[in-house]
Amino acid sequence: MYLIMYCRLKISSLVLGIHPTTISDAFQNAAVKGCEILDSMSTPVALNDRESLLQSASTSLNSKVKQGLF
């Protein structure tokens, strides 16, 4: 959400005559901030922890696979 709001602000700045390099730098800063936010939300999973890996895969696939196929 933060990234979208930030991008909208920068696009409106372009309309106002802000230099494209300034806008490009702002998008780069937004990307860095987005990565920081995602890193802070992540939870490490050990690759030898089969149960956690199966739970992660199941959670991911539940939003992509039509119910009733399994």
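What to note about this one:
- Sequence ranges 23-35, 39-51, ranked by mean other-Cβ count within 10 angstrom, highest first: 23-35, 39-51
- For the range 16-26, 3J(HN,Hα) computed residue by residue from phi via the Karplus equation (6.51, -1.76, 1.60; θ = phi - 60°) reads 7, x, 6, 4, x, 5, 5, 5, 4, 4, 5 Hz, glycine and proline entered as x.
- Per-pair calculated FRET efficiency, R0 = 25 Å: SER63 and MET5 via Cβ, rounded to 0.05: 0.55
Any read-out appearing in this document is the output of simple, stated calculations on the displayed coordinates, not a laboratory observation. None of these values were measured; they are calculated from a predicted model. Please note: Cβ atoms are built from the backbone with ideal geometry, for glycine as well, and neighbour counts cover all protein chains shown.
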